[in-house]
Each structure stands twice: as structure tokens, then as C-alpha cells.
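First up is the structure itself, then whatever we jot down about it.
The values are calculated or read from the model by the stated rules, or taken from the named source; none is laboratory data. Note that this is a predicted model, so its numbers are computed, not measured. When we count neighbours, we look across all protein chains shown, and the Cβ atoms used for this are built from the backbone with ideal geometry, even at glycine. These accessible areas exclude ligands, DNA and RNA; they are computed on the full protein's heavy atoms, side chains included. Shrake-Rupley method; radii C 1.70, N 1.55, O 1.52, S 1.80 Å.
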Amino acid sequence: MVLFDLPVVARNTRLASNTKSPSIDRRVDELLSRMTLDEKVGQLNQLFYFTQFMKPEMVEPDIRAGKVGSLLFITDPAIINRFQKVAVENSRLKIPLLFGFDVIHGFHTIFPVPLAMASSWDPALVEQAQGVAASEARAVGIRWTFAPMVDIARDPRWGRIVEGAGEDPFLGSRMAAAHVRGFQDQDPSSPGRLLACMKHFAGYGSAHGGRDYDSAYIADAELYNVYFPPFKAAVDAGVGSAMSAYMDLNDVPATGNAFLLRDVLRKEWGFKGFVVSDADAVGNLVTHGFAEDKSDAAYRALTAGVDLEMSFPGNPVSNAYATSLTKLVQEGRVTKDQVDEAVRRILEAKFKLGLFENPYVDETRVATIHNDPEHRRLARVAAQRSMVLLRNEGNLLPLDKRDSKVSSVAVIGPLADSKRDIRGSWSFVDDVKSAVTVLEGIRAKVGPSVKVEYAAGVDIARAFQSPFAILQGARPAAWSEAQKQAEFEKAVSLARSSDVVILVLGQHEEMSGEAASQSTLDLPGRQVELLKTIAGLGKPVVLVLINGRPLEISWAAANVSAILEAWHPGSEGGNAVADILYGDATPGGKLPVTWPRSAGQIPIYYAHNITQEPETKKNFTSRYWDIPTSPLYPFGYGLSYTTFSFSNLRVSKPEVKLGESTEVLVDVENTGRRAGDEVAQLYIHQRFGIASRPVRELKGFERITLGPGEKKTVRFTLGKSELTYWSAAAKAWVQEPAVFDVWVGADATATLVTTLRVVAR
Ligand code: BGC
């Protein structure tokens, strides 16, 4: 449908945030010149709409009056088309609506949670998975996703650690770019793609105490070296929008923070997309004690650089722009140009997405796109590749379904047959019934010759009420005392009579994610008691973890033979667990976070500075007296069913001048008898300079597959961008003449090392 007699945007126009299109500029100018102030303000207003408890009549009058520019959370294509029709046929200017949704790790087909996807260390896989997610969401008329979340998280008490790529800026940057490419490809208007939104800008993962939304105090050096890089990588990958965070950063709320939104995002990085506030974050500037009232909040957010306000209906702090901006302009506090600048960015996005030409979605194609078997196949591969084998004493894994010694399997645990929890948070519109649990996956794998029986054993305590329960549905009632006793005994006796026990423990999906912080990393409920009782029976036990954050598993790590970290692996999770446990897939995932022994070690991350002689030296006192300072598992760690060796580490030029590059080469060999994947990881340490630098920093990685006995040379480039850091002393990016240690190996404790000297020109 062509509504304006103006040139249609060329299909191959790159819609990256860093490009401008003269034809779109003309169309925006023309439209802006015809808009009233109220219509402009309408474009800056985005509303939640929940089909579960709202009626179309509640928003249609405002759409018709041009008071709404965007809606979020609608996933029914009929409602999307219905609202779009009101906008493009019945409103004065016929400006289409932009429909957004949190497509975080899948839509109809659920992929592993983002923390798991990062554990794959496979950006190409992430890109493919988000391409599928985009196509499924686009099929119902969604054009914009609030993803990727690229917040660095170094505190696993923070529930949203599950939504990102973990603790490391280098891995996080590679993942951020992959997510953006997956959602948008070269052009988010092309078929099956979405506009991406990097969030939450910036520093949200550093919330005090790991409490969601709490304040963050981050010095500039840490902002630039740790928290900003994944955002910058997303901008460089062409991300079309950004979301301002909820919390305050160094006492200035991110949603009213001109340093973040203007100085860094626009001036330093040249970002040309638009900025949306997090939900009600504009009105919340009052709650922060930053804005005087809602009108002042609208003034502060708009002038700081928030273009679009996301609002929750019925919340007293919502609709700050809609209720105040017109008056603010009339009073002269906000200029017409400031409003036009924001409106221009929203219109630009709508033109670039082709919404004016194609505002509707074809409702007849939804089922075909959603049921493409390729989507489930990829979800299974993604889950296999994301799982991390943490322990495998005596090569208990893989199990052999033809082995008569494992002809009866007990699958035990509160998460073993939970369809809801296999998927992870932000799974709202998939067909939960079709999600495959671990029990189902194992049954399907082993066939009738192996007896597979199940007992939940314990239920997971839930003092906790998720704010998303309204969308996910309530959990069944907690067990009675009598039921608790009976279920526990049933599980123990099942374990006793079986050849092998697969114990599936962890946390409910809503125990991580938004508003899901925890003060400990404990396995909730009586899971540890169940674990210890069953492990005490002397049977072979495999522990499978279903969870969205590292958990306190020190006891298991010393006493249970095999531990597989499956995370929340998505719709095909149970099949993928079975593939790994029975050796049809070989684990190759690696931890994207340092795994603490207990919450008392937090914050713990590998790229810390060293302020004393290392722990290995006598008289080391920067320590806890009760537990080691080292983590339970290091960053980058993960086992395989085969073994690898690294050798022959060399730099092509041991001495380079400032600005020059060198190659780092290492030979990786599969020294075992099965094919498998290894992730070669390159770490550096700058020995001296005008700042202390972390003991190690990841600067390269590559996941490779090697057949038994196969050897491959992996190459990395170390150049200016890897050897540069942001210095607080210089208030600038610096590269210094210095000596660097260079390690390559299988995790952050790699020992194979060489040196590189950087000299002045
Ligand atoms: C979350 C965002 C999300 C938004 C819309 C907020 O509460 O912080 O990450 O995109 O809701 O659902």
C-alpha cells in the first residue's frame, strides 16, 4: 500500500544506524511540516498493550487521534492489523504504528537463554538463532525487538545475568554484534528481520548488591573498558535503537543522563538510531529524586536524549511525554527543534522499516513460518552447543544405551519434567506443551530397551512471587508436608533400584531474569538434601543443572561424578540434554562467567587487577580465611568427551611498534579418541603502563572442531584495538610501549605463554 506519492525506499538501502538516506530525509521533512505539536508528541508515545487484560477500545481512540506512535507486547497478528488499520486508514496523517516485543531468545521456537548462547562461544550460531527468532516474530507483525541485552554482569545475584553474555567485554562485544546481525541482517526491513534495540544503556549490570534496578557507581575507566564495549560493538554492527536503563549511574539516572545519551552515544559513537526509555523510566525520574514532577521528568528525559517514552497503562508515573511535552513547548522550556529531533528519529525508523509501504502482516502465513522444522532443528543444535560439561570423573559420560549396566535410569528432580522451566524467562508466546523436558528427551533417546522412570523428589520453595506470573500463569500449589515426605522417599527408592541416576536440579525460570535477584546462589528448597541423599547411595549420578545463573554447587563439584550445565536450554532442551548424555553430541560450551564457590566471593571475575603478590606466593594476605579466593570454575572453562592439547605458541613478530599488528599462532590437537570442539582463547596482560591493567583480558577466541588425533593451527591478530585501553589518567584511549604476556589455552587459567613487546615508533 502506498500512502504518499513519494519514492519508495530502495530494498538494499543499508539501514544501519550510521547511514542517512536523502530520500527518507525528504519524506520526514514533508511529514514533519504537516504535523501538529500534539501529533508529534503522539509519535513519542509508546504503550504496553496486554491482550490478556485489555480491550482494543481502550487504545483505539488514541491511535485514531494520532496520540500513539508505537505499541508493545501485542503478539496477535489480528490485533496488530486491527490497530494498524486504525492508524493508517483512520488517523489524520496515516502514520503507521511500530510494534515492538521482547524477542529475547526466540518467539514461537525458544532457543537457549542468552547466557547459554554466550556459552557456545559461537557468534555465527547466535546470528542464525536470532535470524529464526526474528522471522517468527515478524510473521505476526512485530517489527522491533527489545534485544540484545548487552549489559556486562559480574554479580550472579543479579537475576538479569541470564539475559546477557556474562562478565567479559570482549566476548560480550562479539555476542552483541552477532545478536544485532541476526535480528537485522544488513537491513531490518528485509523479509523476516526486525529492528534491534541494544539495552540497557548503561551500567545496569553493576547494580548495588545485585539488586535489580539499584544504583550503579562506575568509574569512567571501568565504563569505557568494561561496560561500554558491547554497546559500541552493537552500534558498529548497525543497531537501529537503544534503550536507556532504569538505574542511576553515578547519581544521574540513565534515562536523564546526557553524558550517556548525547556525549557518548551520539557524539563519540555517531549513533543515528533512536532511544526508547525503559518501561516508565521517564516518570521514574521523579522516584529517583532527580525530577521534580512528571513534567520535569519529561523535560529532563527528552533533553538528555530519550526519543520515545515506553509507558505502562495505569501506572501513575507513566505517560510523562504524552501529558507534558505539548505544554513544555508552549511554555518555552522545551524547544520545537528538540521535539522535532526526536520525532524525526522515530519517523526515520518507520520509513526505513518500510512500514509506510507495507504496514500490515499476512496472517495466513504465520503457521507455516512458525512450524518450519528447521527452527526446531537449529534450537536443538544451539542447546547442544551451549551446554557446559563441568565435571566428568571416570568418564561416566557419555552413557551408552546399549550397555546392560545402564538398562534402568532414574530421572529425578523438580526440573526433570518441567516444560515451563526448560525454556527460561521471556518465553511468553511459544507453545509450552511442545517444549521437550529432560525426561522426555531421555525417553525418546533410549527407546524401549532401557527402563526410564521419574520422580520429582522435592518441589522448589517459592517464597518468591514473580511479577511476570500474570503472564506465565501461577505455579501449582506447594506440596503438603505428607506429600513432601512421600515424594522424597519415592525418589530415593527409585534411585536405589536404578542403574544410573540423572538428577535434574536448579532454579525455576522466573528465579532469574528481571526483578529476580537473590542474596545467595543456593539451590532452592530441599534440593541439596535430595542431592546428598541420592549421591550417598553409591550409584553413578549425573547432575544436570537447569538455571539462569551460576549456583552454589561446591559439594556436588567434589562428590558427584558428572555435572552438566544445561542452563535454560529452550524448546528442544530435553532432546539436547539427551544427545549430550548419550554421546550423540559432544559438549563444547565454555563458561561466559567465573563460577564462584559461594555468594560471599562476589564480585568475582577473572579480569581483575592484582594488588599483591599472587595467591600462589607465601604471605599472600589478600584472601578469605574461610574459603579460597579462586573460583570453583574459571571463566572460559568447560570439558569435552575428548581431550585437547595446546602447543607451539608463537607471535609472528615478538616486537611491534605502536599501532602495528602481530599474529599469534598456536597448535591445537585433539589428543583423544572422539571428535570434539575446543575453544582456543587468547588472553593478554600489559605488565606496566600509566594504569594497572587486569591480570588477564580475553582478546580473541575461536571454537574449532577436531577429529581424533587432528591438529590445527589457530591464528589471532593482536593489534592496536586489542592493545589499547581507556586511561583515567589520560582521559583517553591509550596504547603504550610495554611488555605483554600472551596466553592461549582452554580457559582463563591457560598456562602456555609467550611475550610481545610494543615499542615506540
Ligand atoms: C525491561 C526491559 C524490557 C521492557 C519491555 C522492562 O521492564 O527492563 O528489558 O524490554 O520491560 O518489556
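Can you tell me the 0 to 90 degree angle between the C-alpha axis of helix 373-386 and the longest principal axis of the chain, rounded to 10?
60
Could you calculate the FRET efficiency of LYS653 with ALA219 from 1/(1 + (r/R0)^6), where r is the beta carbon distance between them and R0 is 51 Å, rounded to 0.05?
0.90
Please list, by residue number, every one of the chymotrypsin sites (Phe, Trp or Tyr not before Pro) in region 592-682 that is coil in DSSP and has at most 15 other beta-carbon atoms within 10 Å.
Taking region 592-682 and a limit of 15 other Cβ atoms within 10 Å, the loop chymotrypsin sites (Phe, Trp or Tyr not before Pro) found are PHE620, TYR624, TRP625.
Fully extended, how many nm does the chain gain between VAL432 and ALA675 (0.36 nm per residue separation, minus their Cα-Cα distance)?
Roughly 84.1 nm would be gained on extension.
Percent of accessible area on the chain owned by carbon and sulfur, 1.4 Å probe?
51
Using θ = phi - 60° and the Karplus relation 6.51 cos²θ - 1.76 cosθ + 1.60, list the HN-Hα couplings for region 716-729 in order, rounded to whole Hz, with x at every Gly or Pro.
Those phi angles translate into 10, 10, 10, x, 3, 5, 6, 9, 9, 9, 8, 9, 5, 5 Hz.
Give the accessible area for LYS712 in Å² (nearest 10); use a 1.4 Å probe, count only protein heavy atoms, and leave out ligands, DNA and RNA.
Probe radius 1.4 Å; accessible area of LYS712 about 90 Å².
Using the alpha-carbon atoms, what tilt in degrees (0 to 90, nearest 10) does helix 169-184 show relative to the longest principal axis of the chain?
Helix 169-184 sits roughly 60 degrees off the main axis of the chain.
On the Cα set of the chain, report Rg and Dmax in Å, please.
Taking only Cα atoms of the chain, I get Rg and Dmax of 26.5, 83 Å.
Kindly write out, for region 120-133 in residue order, the coupling ³J(HN,Hα) from the Karplus curve 6.51 cos²θ - 1.76 cosθ + 1.60 (θ = phi - 60°), rounded to whole Hz, with x marking Gly and Pro.
Result, ordered by residue: 6, 6, 9, x, 5, 5, 4, 4, 5, 4, 6, x, 5, 4 Hz.
For the ranges 562-572, 692-702, 416-426, 651-661, what's the packing order if you count other beta-carbon atoms within 10 Å of each residue, average per peptide, and put the highest first?
Most protected by this proxy first, the peptides run 562-572, 416-426, 692-702, 651-661.
Using θ = phi - 60° and the Karplus relation 6.51 cos²θ - 1.76 cosθ + 1.60, list the HN-Hα couplings for region 435-448 in order, rounded to whole Hz, with x at every Gly or Pro.
Values per residue, Gly and Pro as x: 5, 9, 7, 4, 4, 5, x, 5, 4, 5, 6, 7, x, x Hz.
Specify the angular offset, from 0 to 90 degrees and rounded to the nearest 10, of the alpha carbon long axis of helix 294-304 from the longest principal axis of the alpha carbons in the chain.
Around 80 degrees separate the two axes.
Specify the inter-centroid distance of region 528-590 and region 118-134, based on alpha-carbon positions, in whole Å.
One Cα centre to the other: 23 Å.
Pull up the cross-link candidates among the lysines for LYS267, meaning alpha carbon to alpha carbon under 17 Å and not fewer than 8 places away within one chain.
The reachable lysines, counting only those whose Cα sits under 17 Å from LYS267, are LYS20, LYS232, LYS731.
Kindly state, to the nearest 0.05, the FRET efficiency for LYS731 paired with SER404, given R0 = 51 Å and r defined as their beta-carbon distance.
That gives a FRET efficiency of 0.15.
Give the long-range amide H neighbours of VAL411: residues separated by 5 or more places, or on another chain, with amide H under 5 Å away, using H modelled in the peptide plane at 1.01 Å from N.
GLU453, TYR454, ALA455, ILE502
For GLY525, enumerate residues with amide H under 5 Å from its amide H, sequence gap 5+ or separate chain, H modeled in the peptide plane.
So GLY525 has HN proximity to ALA461.
Between beta-carbons, use under 13 Å as the cut-off and find the net charge around PRO316, counting Lys and Arg +1, Asp and Glu -1.
Local net charge: -1.
Roughly how many nanometres apart are two label points built 7 Å out from the Cα toward the Cβ at LYS484 and LYS267?
5.9
Taking only protein heavy atoms into account and a 1.4 Å probe, give the accessible area per residue of the chain in Å².
36
Which far-off residues, 5 or more places away or on another chain, put their amide H under 5 Å from the one on GLY589, with H placed in the peptide plane?
Those lying under 5 Å, H to H, from GLY589 are MET387, LEU389.
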